[in-house]
Amino acid sequence: MQLRKVTAASAAVLALALTATACGSDDKDDSASGGGKKITIGIKIDQPGIGLKTPDGKYTGFDVDVATYVAKELGYDAKNIEFKETKSADRETAISRGDVKFIVASYSINDERQKKVDFAGPYLLAHQDILVRADESKIKKPEDLNNKKLCSVAGSTSAQNIHDTLAPKAQLQEYGGYSECLTGLENGAVDALTTDDSILAGYASQDANKGKFKLAGFKMTNENYGIGLKKGDSDLKKKINDALTKMVSDGSWQKAVDANFGPAGYKNEKAPKIGNVVK
């Protein structure tokens with residue numbers, strides 16, 4: 001009889017242990033927030049000033065600072081953030097597939113993208129511009145890009161915007177990343193690189209690139225950077241918007257702008273109002 005009692009007690013203890021273990025495994029799921037749980041955030045890793053992975057494995061840039069701040073407000077410590085590279089062409093897929101919780105990757109809000117994902121923000125208003133070699137003297141206005149080789153990355157709308165509205169004879173060149181476009185610009189394979197002025201300023205200000213390139217100063221579009229998340233997740237969207245509002249109000253937003261764009265002399269627009277997408 002005593003043996004049965006011990007066996008029954010042991011079974012009860014084992015059941016409790018298994019239950020605790022199962023609950024503990026849930027803590028590693030980034031679908032919840034808080035505690036020691038992990039969260040995966042999509043970023044760019046090749047955009048100086050925006051999102052860059054350094055040789056020592058660290059992540060720097062304005063988007064990284066915004067993502068880290070938002071994650072903290074959601075209850076995640078910086079050490080529990082996993083940054084995942086999301087290229088322009090893969091952003092919607094990464095969100096819908098659940099590879100990331102949200103994306104902070106110079107992700108401009110537009111009608112076509114809003115059919116597939118939801119956006120919190122915007123958190124930065126940038127403008128499309130072009131980067132050319134420092135000795136370039138023939139490209140003085142967007143129309144001068146006709147018959148020129150214009151580089152952008154796969155999945156980006158920047159080059160197509162110029163081709164459709166300003167320079168229909170521009171020869172579009174799609175590369176896998178901005179770094180590849182920059183190499184092409186330096187060696188003469190392309191004549192100009194187009195994307196947002198914030199990104200271009202980051203490249204032009206790198207020590208290795210100083211004196212090699214210049215911004216043309218064309219404010220061709222308004223680019224409202226938003227945080228992409230799964231469509232229909234209104235609860236997460238509200239929490240992220242609240243975090244962005246707090247980031248601006250407590251001065252952290254301006255501090256991040258100054259730290260990441262200041263060295264390039266980039267003159268940013270003031271922090272946009274949440275939900276106000278400038279056309």
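For the reader, a short list of remarks on this structure follows.
- Percentage relative contact order, the chain, counting C-alpha pairs under 8 Å, at least six apart: 24
- Global form of segment 93-251, assessed from the alpha-carbon gyration tensor, a/c cut-off 1.5: prolate
- Label-point separation in nm, residue 219 to residue 242, each point 7 Å along Cα→Cβ: 3.4
- Charge dipole magnitude, Cβ of K and R +1, D and E -1 - segment 219-273, Cα centre, debye nearest 20: 140
- Dividing the summed -39500 (n - 2.57) terms of all DSSP H runs of n ≥ 4 by the residue count of the chain sets its mean residue ellipticity at 222 nm at -11000 deg cm²/dmol.
- Highest mean packing first, where packing is the average number of other Cβ atoms within 10 Å per residue, the peptides 241-250, 268-277 line up as 241-250, 268-277.
- Positive-pole candidate from 275, 253, 204, dipole of segment 165-279, charges at beta carbon: 275
- Neighbours of residue 96 by Cβ distance under 14 Å: Lys/Arg scored +1, Asp/Glu scored -1, total +3.
- Using Cβ point charges alone (K and R +1, D and E -1), the dipole size of the chain about the Cα centre works out to roughly 460 debye.
- Translational diffusion of the chain, estimated by Stokes-Einstein from the Kirkwood radius over alpha carbon pairs at 37 °C in a medium of 0.692 mPa s, is 161 µm² per second.
- Among 195, 70, 132 the positive-end extreme of the charge dipole of the chain (Cβ point charges): 70
- Span-like helix check, the chain: qualifying full DSSP H segments, with Cα axial length of 15 Å or more and mean Kyte-Doolittle of 0.5 or more, are 2-26.
None of the figures in this text is laboratory data; all of them are computed from the coordinates on show. These numbers come from a predicted model, not from an experiment. Every residue, glycine among them, receives a Cβ derived from its backbone with ideal geometry; neighbour counts consider all protein chains shown.
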